[in-house]
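The block underneath contains the structure these notes are about, expressed in structure tokens.
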Ligand SMILES: Cc1ncc(COP(=O)(O)O)c(C=O)c1O
């Protein structure tokens, strides 16, 4: 058997005919940058997330970078985020000229430790970026109030959590801004690169709209030095079509997670993810942990059986060559460092079946059973 790790090709087949029609229409009109397909998706996404504004940009990394720039963050400032995030979160901070300040993650949920983030705040802190990692939301109910009092922006890195909601609030609607990646295998994925920012601040939205388009919303009116980072209309068409399916796809992912819980329950030597039983986790990824000595052996065995797995991510940010300049020695973030050696991402997508999950569990049991004897 072969089990897909993610399934953007399955999602493509679902929207294929309508997407091709939309692209043909673009071709007839000759509108290949901007246009109503982009504004239409932006307004639908804003409505879905529950913010006044959604701004399409080139990718999720730019979404974070342009948001920080839009907030006026630069040299001399500090921005706090999690040591175990995808590198893009920290790249975005770095390129503004601000100093990335890292904190450790919680055990078992792998989410940013909110108390450590608060403790890391200095007079230079301008923003905290909680990362809704693997599709699970950081509980921001208290942090947003705390940060507002101190004039610190909360930028939700929602790249992995499109469609997640906690206490009726969507990921990307709680902080000052939400940043999304529409990379093809994300929960709301385009057919190429894409990204978006959600915010209810009209002033922030207005600056970001200028930054993404050479410093002005109107052609040749360059009010500030800007960039070129726009959401492609062909991607916007795909995203608007997929948005209609997003809640049902999130439900499928949650069902797959319950099946994993059922089938993996009781197998010795494996740690399952901890989560609330609500819609605050949309399982972009399904992460389990095993002893570091068996992790790579287990992955190899699964691969032999056609079961693809991954590691998100093999190194915490401060252990990468790119960010070795940060003042954190090995051992600084003990959870992030330990888990990087132990985590495995199992197949998770909208088409994985109970039969496949049962087989994956059997293979895992076979390997871990042998190791433990
Ligand atoms: C947590 C996180 N932040 C940011 C990004 C950056 O998004 P993109 O790849 O679209 O630039 C990603 C995407 O992989 C991500 O997972």
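All of the numbers you see were taken from the coordinates with simple rules; none came from a lab. A quick note: this is a predicted structure, and the numbers were derived from the prediction, not measured. FYI the Cβ positions are ideal-geometry reconstructions off the backbone, even for glycines, and counts take in every protein chain you see.
Taking every DSSP bridge with both residues inside the chain, close to 55 percent are antiparallel.
Round to the nearest 0.05 the FRET efficiency obtained for residue 47 and residue 203 when R0 = 22 Å and r is the Cβ-Cβ distance. The calculated FRET efficiency here is 0.60. Across all directions, the average projected area of the convex hull around the alpha carbons of segment 246-372 is 9.1 nm².
Please list the three semi-axes, largest first and in whole Å, of the ellipsoid equivalent to segment 220-288, using sqrt of 5 times the eigenvalues of its alpha carbon gyration tensor.
That gives 40, 16, 10 Å for the three semi-axes.
For segment 60-141, the calculated P(r) over all alpha carbon pairs, in 5 Å bins from 0 to the bin holding the longest distance, is 3, 17, 28, 24, 19, 8, 1 percent.
Report the percentage of all Cα-Cα pairs in the chain whose separation exceeds 30 Å, rounded to a whole percent. Percentage above 30 Å: 39. Between residue 224 and residue 276, the FRET efficiency from the beta-carbon distance, with R0 = 41 Å, is close to 0.50. The simple spin-label model puts a point 7 Å past each Cα toward its Cβ; for residue 355 and residue 120 those points are separated by 4.6 nm.
Within segment 74-227, the percentage of alpha carbon pairs spaced more than 18 angstrom apart rounds to 60%. Here the simple spin-label model places points 7 Å from the Cα toward Cβ, and for residue 324 and residue 14 these points are separated by 4.4 nm. Over all pairs of different C-alpha atoms in segment 146-288, the reciprocal of the mean inverse distance, the Kirkwood hydrodynamic radius, equals 17.3 Å. Each helix, a run of at least 4 DSSP H residues, gives -39500 (n - 2.57); summed and divided by the residues of the chain, these come to -12500 deg cm²/dmol at 222 nm. In this entry, segment 306-363 is assigned a mean projected area of 5.5 nm², taken as a quarter of its C-alpha convex hull surface.
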